[in-house]
Amino acid sequence: AALHRAKKDASHGRLCFYSQEMESVYTSRRKRYIQLKNAIAKHLVVPLYQPIICAKTGHLQAVEALMRIKDENGNMIPPSEFITLAEETELIIPLGELMINLVFDQQIRWLNQGLHIRVCINISPIQFLDPSFLPFILSVMDQKAINPNMVELELTESLMLENLTQIKSDMDRLRKLGTSISIDDFGTGYSCLSYLRDLPVDSLKIDKSFVAQLNIDNPDEVLVKTISTLAQSMKLSSIAEGVESQFQAQRLQELGVPLLQGYYFSKPVTADQIQTRYLI
Ligand code: C2E
Ligand code: MG
Ligand code: MG
Ligand code: MG
């Protein structure tokens, strides 16, 4: 990109070069940042919920809460457009707290309508590692009278590169109450597998890129099979994400994956849609 402009930095008297590209990246980042702050201040966060299905019975086992942000026109912005920025700016902490509050409130609303639904919540490593996280989630569960057994936290392998002693003690605390821990996007994190031996984890979520390799014409099963076997031999549960076809659902069940999630069953939907679908 051509450097088209040089500015004198007023405070430091240095010359700074900006390209048009850099400037537009900066401007859109700035816009996203303001939008994010606004979403937090005005509570424009909306959780969608995607069913997790028992492969054997076809019954609803849980839902995964997936965050969306509403923009000024009411459009839903997906996490791919804001999670990284939220993590870089630590806005993921208030954002994540808001999300947890919304999901727990919804769980109580479902409960009052007679729906006992287990919820899985994605927790960013930045959020999990923050010292405020554990006291926060314990106190909201307590205040809202959430049954910790009905809550599962999804963490990614990148977390396992951090202080394992601290992570283990936080996980132990949560699991003693009954909350489960799953490893999201398992197999994509370039992490050393020994954390599976050291940390109290309940289940592995097989990343959708591996599930996608189970295509009907030329299925490549090796990674799914390996992860499923690993889970079984470590007495962990497993969940396949990104299940898009009957063929995949069938094969995954045959390969011993007990829980399935993906567009084949349902895309992420609103809380009301969950209710109309499952309240019978
Ligand atoms: P994830 O936790 O691995 O969630 C699965 C993603 O796959 C979701 O994307 C979901 O909509 C999508 N998906 C579900 N079924 C299918 C399918 O059959 N095919 C395909 N191609 N995709 C499918 P989404 O909702 O855009 O979320 C993306 C990521 O953003 C999540 O990946 C998670 O890492 C992150 N995220 C979402 N909500 C939160 C949150 O509340 N907090 C944090 N920290 N991260 C979140
Ligand atoms: Mg997830
Ligand atoms: Mg995942
Ligand atoms: Mg994923």
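The values are calculated or read from the model by the stated rules, or taken from the named source; none is laboratory data. Since this is a predicted model, take the numbers as computed values, not measurements. Cβ sites come from the backbone with ideal geometry, for glycine too, and all protein chains shown count toward neighbours.
Remarks
- Out of SER124, SER158, sole residue that is among the hydroxyl-bearing types (Ser, Thr, Tyr), at pLDDT 95 or above and within 18 Å of the chain's Cα centre (by Cα): SER124
- None of ALA86, ALA62 is buried (at least 18 other Cβ atoms within 10 Å of the Cβ), more than 28 Å from VAL25 (Cα to Cα) and among the small types (Gly, Ala, Ser) except ALA62.
- Selection status of ASP207, in contact with a Gly (Cβ under 6 Å, 6 or more places away or on another chain) and of a type in the set (Asp, Glu): yes
- Qualifying residue in the range 69-81 (condition: among the basic types (Lys, Arg), modelled with pLDDT under 95 and touching a helix residue (DSSP H, G or I) at 6+ places or on another chain (Cβ under 9 Å)): yes
- Where TRP110 falls short, out of the listed (1) over 21 Å from ALA41 (Cβ atoms); (2) within 19 Å of the chain's Cα centre (by Cα); (3) surrounded by 17 or more Cβ atoms within 10 Å (Cβ to Cβ): (2)
Residues are listed down the side, and each one gets a yes or a no for (1) over 26 Å from LEU252 (Cβ atoms); (2) among the hydrophobic types (A, V, I, L, M, F, W, C):
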residue: GLU157; (1), (2): no, no
residue: LYS168; (1), (2): yes, no
residue: SER182; (1), (2): no, no
residue: PHE186; (1), (2): no, yes
residue: SER191; (1), (2): no, no
residue: ILE206; (1), (2): no, yes
residue: PHE210; (1), (2): no, yes
residue: ASP220; (1), (2): no, no
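- Listing of helices (runs of 4 or more DSSP H) fully contained in the range 139-257 that carry 2 or more residues being surrounded by 15 or more Cβ atoms within 10 Å (Cβ to Cβ) and away from ligand 2 (no atom under 16 Å from the Cβ): 164-177, 195-198, 222-233, 246-254
- Here SER194 fulfils each of the conditions (1) away from ligand 3 (no atom under 16 Å from the Cβ); (2) in contact with a strand residue (DSSP E or B) (Cβ under 7 Å, 6 or more places away or on another chain); (3) farther than 25 Å from TRP110 by Cα apart from (2).
- Selection count, the range 97-129, where residues are outside any helix (DSSP H, G or I) and in contact (Cβ under 8 Å) with a residue 40 or more places away in the chain: 10
- Any hit, the range 168-190, residues being over 17 Å from the mean Cα position of the chain (by Cα), free of Cβ contacts under 8 Å to residues at least 60 places away in the same chain and under 19 Å from ILE227 (Cα atoms): yes
- For the range 61-96, the tally of residues that are in a helix (DSSP H, G or I) and within 20 Å of ASP185 (Cβ to Cβ) stands at 12.
- Residue match in the range 163-181 (condition: within 16 Å of ligand 3 (Cβ to nearest atom), of a type outside the set (Val, Ile, Thr) and within 14 Å of VAL257 (Cβ to Cβ)): no
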